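To keep things clear, I will list the structure first and then write my remarks on it.
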Amino acid sequence: MHSVHLQNRMNALLRRIYSLIKKELLLDFKQKHILYAVLLYMVCNTFIAYKAFGDIQAVSWNALFVIIFLFVGLNSILKSFSNRFNSKHLFYYSYYNPLELFIAKAIYNWILLVILSILLMCSMTFFTGVGIKDFGIFFISVLSGSLGVSFCFSFIALLSVRSDNNSTVFSILALPIVIPILLLMLKLNATSLRLISDSSINKDIILMGGIDLLFIAITIIMFPILWKA
């Protein structure tokens, strides 16, 4: 009986999170200019890097990918919070469980970052001609890296919004925290580009997963406390 009750509660939780993710998707379709702005920012950065460096080798491609990925994530996640949470904070506070809201928001941002990363890879490959050799490792890098970055940035974006939408707070706090994820992404991407032959690739993937779980646990614990402050 207890297990059935627990399963029903879990199913209800998943349905509420799914409905919140769906709501975020509908809101983004109503505000398409935000997505278009992020896409334009991404493509323009890629084109400027291509024109500045000329013949981009695989090593430079890897570094540019991670740097552009970082700032695309910063812009897309901060804008999604600042445009909605400032004016509707009381509404969200009254009607939604803070933990469910945060998990749904972070999962949505994760999906968005993964899609943007794939588009970024296609854009950089189109301009530079440098292609991924091992798509399996690359997608593991993108999926795991985007997961940690989305939870971390979603949490810090709320801090920024709560501090009168100060984007400086977001940049100062967010960039140092995600450095371990970015370094592991660089290493995994280098392996997928065949720049290095890494015999400890499985350890790197496990380490990335451990960092992701640490970020997820800390943000899930801290978010409800901050939300009620």
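Where a number appears in this text, it was derived from the coordinates with a stated rule and is not lab data. Remember, it's a predicted structure, so these values are computed and weren't measured experimentally. Counting neighbours? That spans all protein chains shown, and the Cβs are built from the backbone with ideal geometry, glycine included.
What lysines sit close enough to Lys133 to cross-link, taking a C-alpha to C-alpha distance under 20 Å and skipping anything fewer than 8 places away on the same chain?
Straight-distance partners of Lys133: Lys187.
Fewest Cβ neighbours within 10 Å first, please rank Val43, Val130 accordingly.
Going from sparsest to densest Cβ surroundings: Val43, Val130.
Order by neighbour count: Tyr50, Tyr108, Tyr41, fewest other Cβ atoms within 10 Å first, most last.
The order, fewest Cβ neighbours first, is Tyr41, Tyr50, Tyr108.
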